[in-house]
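Some notes on the structure that comes next.
The values are calculated or read from the model by the stated rules, or taken from the named source; none is laboratory data. Only a predicted model underlies this, so the values are computations on that prediction, with no experimental measurement involved. Here the Cβ is made from the backbone with ideal geometry for all residues, glycine too, and neighbour counts use every protein chain on show.
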Amino acid sequence: MNVPSSAGRSCPLHYQYGPDVFCSAPDPCLSDLETLYLVGGLYGNELALHEVLRLFAQETGRKRLVFNGDFHWFDTDPATFARVQAAVLQHVALRGNVETELADSQPDPDAGCGCAYPDWVGQEVVSRSNRILQQLRTATTPQQRQQLAALPMWRVAQVGRMRVGVVHGDAQSLAGWGFAQEHLRQPEQREQVRRWFERAQVQAFASSHTCLPVFQQVKVPGQTQPAWVLNNGAAGMPNFQGDLSGLFTRISVLPFEGPQQRCSVQAHGLHLQAIAIETSAEQVQQRFLQQWPEGSDAHASYFSRIAAGPAYREADVIRWET
């Protein structure tokens, strides 16, 4: 397939919704919860998947585990792909841009990988992602693609008194970058997010997609307590320099008791936490290299991060609005 030079940067129309969709009642399976796990950007990391499931099994009370998109990416081996999908679909799942593009039997060449990369991402990274998506498509079956096509783009959950808009990208697009830590540093972007919260009538948005974690407080007119953007970064890749763990977001009436806690705030009577997914770095790298050896597109884009972590610090995650 000939891929246009703009592929991977545009956002297809069918990816889009609006903040008003979150005014709906919580999904029955996601209402009246005591603990909610939000696992975005698993990227086909089977070892990280097993660790998340182990931690979730230890939780008590009314609980749900949500995979909010891009649970596939590095799992180009068909057997691995099948195991990841079967395990994920035992829980609540959203489709990210990866699953959406895999599911499309007649993909839009302009969409490419569906990442809608912003300008600061180099073209070589975008081109490699488009080719990774094409290679990953060869690992799928028609039945698997039908399962992915049936997944929603967003959900509404309720934990305690907090209504949570669960997305892959942002409040108006499956592949939106409005909750990226880079964008949230900009006052004008925080104003946009404030307007999204006003329209959505939720107290938190839980997202992923943009690969680096951020917990951003947002003061919303008409709400007695600030709202939060909870972006877990990546469950299937390192998120901090020198820390090779993935991360997921945990929202709960009870604090997480364990050394895996990386970041934590309390709001709306709940604990909002970034929890590390600790696995064997050696095994993760070995499995990655079996599927994406040196010289491959995924190796060029991601192996340095998998081996050493990105240039990002744990102290950068929690951001208070003054």
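I need the full set of residues from region 254-272 which are in a strand (DSSP E or B) and surrounded by 15 or more Cβ atoms within 10 Å (Cβ to Cβ), in order please. Talk me through it step by step, then tell me what you get.
In the first step, residues of region 254-272 are kept if they are in a strand (DSSP E or B); the result is 261-267, 270-272.
Gln261, Arg262, Cys263, Ser264, Val265, Ala267, Leu270, His271, Leu272 - these are the residues of region 254-272 that are in a strand (DSSP E or B) and surrounded by 15 or more Cβ atoms within 10 Å (Cβ to Cβ).
Here Ala171 qualifies as over 15 Å from Asp70 (Cα atoms), touching a strand residue (DSSP E or B) at 6+ places or on another chain (Cβ under 7 Å) and at pLDDT 95 or above.
Of Gln261, Gln286, all but one fail to be over 30 Å from Trp228 (Cβ atoms), out of contact with any Pro (no Cβ under 6 Å at 6 or more places or on another chain) and not small (Gly, Ala, Ser); the exception is Gln286.
Filtering region 6-40 to residues that are in contact with a helix residue (DSSP H, G or I) (Cβ under 8 Å, 6 or more places away or on another chain) and part of a loop (DSSP other than H, G, I, E, B) leaves Ala7, Gly8, Arg9, Gly18. From the list Val39, Val98, Val126, Val84, the one residue that fits, being in contact with a strand residue (DSSP E or B) (Cβ under 7 Å, 6 or more places away or on another chain) and either hydroxyl-bearing (Ser, Thr, Tyr) or crowded, with 16+ Cβ neighbours inside 10 Å (or both), is Val39.
Of the candidates Gly176, Gly112, the single residue that is crowded, with 22+ Cβ neighbours inside 10 Å, touching a residue at least 24 places away in the same chain (Cβ under 8 Å) and either assigned to a strand (DSSP E or B) or within 15 Å of the chain's Cα centre (by Cα) (or both) is Gly176. Listed by first and then second residue, the pairs linking a residue in region 19-48 that is touching a residue at least 12 places away in the same chain (Cβ under 8 Å) to a residue that is among the β-branched types (Val, Ile, Thr) and in a loop (DSSP other than H, G, I, E, B), with Cβ atoms under 7 Å apart and 6 or more places separating them unless they lie on different chains, are Phe22/Val202; Glu34/Val253; Leu47/Thr279; Ala48/Thr279.
Which is modelled with pLDDT of 95 or more, part of a strand (DSSP E or B), at negative phi and in contact with a Lys or Arg (Cβ under 6 Å, 6 or more places away or on another chain), of Ile275, Ile251? Only one candidate qualifies: Ile275.
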